[in-house]
Amino acid sequence: MTQQSGAAESGPSSAATLDNLLEESRTFSPSEEFARAANATQALYDEAAADREAFWANQADRLHWETRWSQVLDWSDAPFAKWFVGGRLNVAYNCIDRHVEAGHGEQVAIHWEGEPGDTRTITYADLQREVSKTANALISLGLQTGDRVAIYLPMIPEAVFSMLACARLGLTHSVVFGGFSAEALRTRIDDAQAALVITSDGQNRRGKALGLKENVDIAVRDADSVRNVLVVRRTGNDVEWNADRDVWWHELVDTQSEEHTPEAFDAEHPLFILYTSGTTGNPKGILHTSGGYLTQAAYTHHNVFDLKPDTDVYWCGADVGWVTGHSYIVYGPLANRATSVMYEGTPNTPHEGRWWEIVQRYRVSILYTAPTTIRTFMKWGNEIPARYDLSSLRVLGSVGEPINPEAWMWYREHIGSSTTPVVDTWWQTETGGIMISPLPGVTATKPGSAMGTLPGISAKIVDENGAEVGWGGGGYLVLDQPWPGMLRGIWGDEQRYRDTYWSRFSSEAGPIYFAGDGAKYDSDGAIWLLGRVDDVMNVSGHRISTTEVESALVSHPSVAEAAVVGAADPTTGQGIVAFVILRGGEADDGDALVKQLRDHVSKEIGPIAKPRQILVVPELPKTRSGKIMRRLLRDVAENRELGDVTTLQDSSVMKLISSGLAKPT
Ligand code: WT7
């Protein structure tokens, strides 16, 4: 029986999953040695429970405030929160300058490694110079506080310099993952009305130099808001050049002054917008602000990963294009003066031991990655990590999707020499930072469980009616108290913010945030995340909505109708399976058309959204009111016995669909 992480009209969890989880009896307590030296102790929970706002005020003291706040939280205009009201700070100053001023200028901030094997070592003093030059360059382009800047770059140091230069100047960045298509970039630039796009001539991917700027050229063709495109030379690819608009990074940035004095901004100044898929319509621009966001990023990074800035080497394997990269490659680690590793490429270039070679070379002590990556390493074989010295590792983290107990155990055993704590961290683009996770020196963990809320955070699992379920019960995950890193809204769409997150449940005590995830408490009260309960898929830890892929398919001239489901996948968590009905007169020419459609989706959204399987079908299963029954399609996609078909308008449809499936695509 597959462990289903997928959504279901039938509720957030299947009976089989519940039973499975209730049987998990293995627990791993922190070693005495680890607990003794750990940043976090039980006292942190006690402190937060005694006075939540005072607790967060203490956490905000991790940062340098130019002006102290007068009020910790203003929730009077809920669900619009203000944290650290009246406080002023500069986010980049907190991530760089204050460390240099405290005498840590020579400490390495980033050990960067390119896919072809080139390296750069960037100290905090280097970072201060590079970010100052970048900030001065942005000023010279006429950008002003509050302007939006789109960043479409591979995993190169300039991505970090660009983000921090924006933060330094009070510009709001919108990082767009380098794997997204020109079309996806265009909608994001347009929605945020970006004035500048920062990109590169290309990106290294699996040993090839792929183009990148050409996507920008397409995306900005009709974008009135974009005045300039700043281009980093990375791969040496030939690029088209528009002399009125395009500027080379090495010509503009490298000639700037290395000095720039940061000014302080309001705690609620917009820091970034990051787009994420919802159940309907265009991706939502999730808005994050400065003081509360940085407080939560720094606090969680310090405690969940037990970061010791003088001795640890920290590596988060995500891409800066996702929120994990924002909070745990850039803002959290740099605010905490971490020494980090940053890697440009894919894990199997030029060989499947590349990651472990990096861990060995830099003596990485803290590693943070996604279950899909862990499962890929499992597939490649135990003997690969076994060839390297991984003894420097002391904390392992997981994020992005539910981690199955088997992958959790493998991670601890084969990467963590059966001794390191594993922290499974639940959070979202919207939450800004980690919300549910063990603390490595405190919590006895169970493989596959994110365990409990962090100190200062409140979550509940509720039933359909919003009533909290008891231990052993399952339902919907909600957050019933505001938190400092919470999104402040959806860019340009107040109503959508209320509707998406705050309208499903409510309580006398105040608004309730609906996360979109199913969850359950086991018999000890530990939290198990069960995947999305809406039509959002989770493919390799990336959020993709079924509607988005359906729209892409229907935009192809051969497709009349499409239904997309996420089906359990042993490596990627979920795989995208599409059922399409062709337009009248279109012959199903089989493989060629299917390939065309897969490429079409890739072009419309990006390669991460390419369906694993496309099945051409004569009909789709619909209820009498015309709603597509995805549940049945998921049954088909996962090779399961069909569930209840009695509400189908035409019950013979499923026979037609199933019989057409003999031919694999
Ligand atoms: C969705 C958020 C947070 C950074 C990466 C994804 C799923 C995330 C876990 C976890 C189970 C998880 C949820 C959530 N998710 N972490 N540890 N266990 N599920 O950010 O793209 O905003 O996606 O990812 O379904 O809602 P995102």
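The values are calculated or read from the model by the stated rules, or taken from the named source; none is laboratory data. Keep in mind that what you see is a predicted model, and the values were worked out from it rather than measured. We place every Cβ from the backbone using ideal geometry, glycine too, and count neighbours over all the protein chains shown.
Scanning segment 546-560 for residues that are surrounded by fewer than 23 Cβ atoms within 10 Å (Cβ to Cβ), hydroxyl-bearing (Ser, Thr, Tyr) and not in a loop (DSSP other than H, G, I, E, B) yields THR547, SER551.
Filtering segment 51-85 to residues that are assigned to a helix (DSSP H, G or I), within 26 Å of LEU127 (Cα to Cα) and touching a strand residue (DSSP E or B) at 6+ places or on another chain (Cβ under 9 Å) leaves only ALA60. Taken together, VAL423, VAL395 contain a single residue that is more than 11 Å from the ligand (Cβ to nearest atom) and either within 21 Å of the chain's Cα centre (by Cα) or within 30 Å of ILE273 (Cα to Cα) (or both), which is VAL395. Can you name the number of the only condition in (1) surrounded by 21 or more Cβ atoms within 10 Å (Cβ to Cβ); (2) away from the ligand (no atom under 16 Å from the Cβ) that SER417 fails? Only one criterion in (1) surrounded by 21 or more Cβ atoms within 10 Å (Cβ to Cβ); (2) away from the ligand (no atom under 16 Å from the Cβ) is unmet by SER417, namely (1).
Scan segment 546-556 and tell me whether some residue there is within 16 Å of the ligand (Cβ to nearest atom), at pLDDT 90 or above and more than 22 Å from the chain's Cα centre (by Cα). Checked against the condition, which is being within 16 Å of the ligand (Cβ to nearest atom), at pLDDT 90 or above and more than 22 Å from the chain's Cα centre (by Cα), segment 546-556 yields no hits at all.
Has segment 490-509 got any residue that is polar (S, T, N, Q), in contact with a strand residue (DSSP E or B) (Cβ under 6 Å, 6 or more places away or on another chain) and within 16 Å of the ligand (Cβ to nearest atom)? Among the residues of segment 490-509, not one is polar (S, T, N, Q), in contact with a strand residue (DSSP E or B) (Cβ under 6 Å, 6 or more places away or on another chain) and within 16 Å of the ligand (Cβ to nearest atom), which makes the answer no. Among the conditions (1) away from the ligand (no atom under 14 Å from the Cβ); (2) surrounded by 24 or more Cβ atoms within 10 Å (Cβ to Cβ), LYS284 misses just one, which is (1). Among the residues of segment 154-175, those that are more than 22 Å from HIS250 (Cβ to Cβ) and within 22 Å of the chain's Cα centre (by Cα) comprise ALA167, THR172, SER174. Look through segment 328-350, keep the residues that are aromatic (Phe, Trp, Tyr) and touching a strand residue (DSSP E or B) at 6+ places or on another chain (Cβ under 7 Å), and return whichever of them is surrounded by the fewest Cβ atoms within 10 Å (Cβ to Cβ). The selected residue is TYR343. Restricting to segment 287-301, give me the number of residues that are surrounded by 24 or more Cβ atoms within 10 Å (Cβ to Cβ) and part of a strand (DSSP E or B). Result for segment 287-301: 2.
Considering segment 178-207, the residues that are within 22 Å of THR346 (Cα to Cα) and charged (D, E, K, R) include one that is modelled with the highest pLDDT, namely ASP201.
When the residues of segment 351-369 are filtered to those that are closer than 20 Å to ARG205 by Cβ and not hydrophobic (A, V, I, L, M, F, W, C), the one that is surrounded by the most Cβ atoms within 10 Å (Cβ to Cβ) is THR369.
For segment 208-244, the set of residues classified as at positive phi and modelled with pLDDT under 95 is empty.
If you go through segment 459-512 and pick out every residue that is free of Cβ contacts under 8 Å to residues at least 40 places away in the same chain and either surrounded by fewer than 20 Cβ atoms within 10 Å (Cβ to Cβ) or farther than 30 Å from PHE272 by Cα (or both), you end up with 13. Can you tell me which condition GLY472 does not meet? The list is (1) more than 16 Å from TYR521 (Cβ to Cβ); (2) more than 14 Å from the ligand (Cβ to nearest atom); (3) small (Gly, Ala, Ser), and all the others hold. Unmet for GLY472, out of (1) more than 16 Å from TYR521 (Cβ to Cβ); (2) more than 14 Å from the ligand (Cβ to nearest atom); (3) small (Gly, Ala, Ser): (1). Of the residues ASP310, ASP319, the single one that is in contact with a Gly (Cβ under 6 Å, 6 or more places away or on another chain), under 28 Å from LEU127 (Cα atoms) and not aromatic (Phe, Trp, Tyr) is ASP319. Somewhere in segment 246-266, is a residue more than 25 Å from TYR93 (Cα to Cα) and of a type in the set (A, V, I, L, M)? Yes - at least one qualifying residue is present in segment 246-266. Per this entry, ARG387 is not counted among residues that are more than 15 Å from the ligand (Cβ to nearest atom) and out of contact with any helix residue (DSSP H, G or I) (no Cβ under 8 Å at 6 or more places or on another chain). Among the residues making up segment 212-233, a single one is among the polar types (S, T, N, Q) and in a loop (DSSP other than H, G, I, E, B): SER225. Of the residues in segment 67-86, not one is out of contact with any Lys or Arg (no Cβ under 9 Å at 6 or more places or on another chain) and within 17 Å of VAL330 (Cα to Cα). Against the numbered list (1) away from the ligand (no atom under 13 Å from the Cβ); (2) over 14 Å from ALA515 (Cα atoms); (3) surrounded by fewer than 24 Cβ atoms within 10 Å (Cβ to Cβ), GLY452 comes up short only at (1). Within the bounds of segment 606-617, is there any residue that is surrounded by fewer than 16 Cβ atoms within 10 Å (Cβ to Cβ), at pLDDT 80 or above, not in a loop (DSSP other than H, G, I, E, B) and not hydrophobic (A, V, I, L, M, F, W, C)? So far as segment 606-617 goes, yes, one or more of its residues are surrounded by fewer than 16 Cβ atoms within 10 Å (Cβ to Cβ), at pLDDT 80 or above, not in a loop (DSSP other than H, G, I, E, B) and not hydrophobic (A, V, I, L, M, F, W, C).
Every listed requirement among (1) within 13 Å of the ligand (Cβ to nearest atom); (2) out of contact with any Ser or Thr (no Cβ under 6 Å at 6 or more places or on another chain); (3) under 25 Å from ASN204 (Cα atoms); (4) touching a residue at least 60 places away in the same chain (Cβ under 8 Å) is met by THR372 save one, (2). Only strands (runs of 3 or more DSSP E) wholly contained in segment 86-202 count here; list those with 1 or more residues that are in contact with a Leu (Cβ under 7 Å, 6 or more places away or on another chain) and crowded, with 23+ Cβ neighbours inside 10 Å. Counting at least 1 such residues, we get 108-113, 148-151, 172-175, 196-200.
Residues checked against (1) more than 16 Å from the ligand (Cβ to nearest atom); (2) of a type in the set (Val, Ile, Thr); (3) not in a strand (DSSP E or B):
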residue: LEU530; (1), (2), (3): no, no, no
residue: ALA562; (1), (2), (3): yes, no, no
residue: GLN574; (1), (2), (3): no, no, no
residue: VAL577; (1), (2), (3): yes, yes, no
residue: ALA592; (1), (2), (3): yes, no, yes
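Which number in (1) without any contact (Cβ under 8 Å) to a residue 60 or more places away in the chain; (2) within 16 Å of the ligand (Cβ to nearest atom); (3) surrounded by fewer than 24 Cβ atoms within 10 Å (Cβ to Cβ) marks the one condition that GLY325 misses? Going through (1) without any contact (Cβ under 8 Å) to a residue 60 or more places away in the chain; (2) within 16 Å of the ligand (Cβ to nearest atom); (3) surrounded by fewer than 24 Cβ atoms within 10 Å (Cβ to Cβ) one by one, GLY325 breaks only (1). State yes or no: is SER225 closer than 30 Å to GLY292 by Cβ and surrounded by fewer than 18 Cβ atoms within 10 Å (Cβ to Cβ)? Answer is yes for this residue. Here VAL197 fits the description: closer than 15 Å to LEU252 by Cβ and among the β-branched types (Val, Ile, Thr). Among the residues of segment 604-626, the ones that are closer than 16 Å to SER551 by Cα and of a type outside the set (A, V, I, L, M, F, W, C) come to 5 in all.
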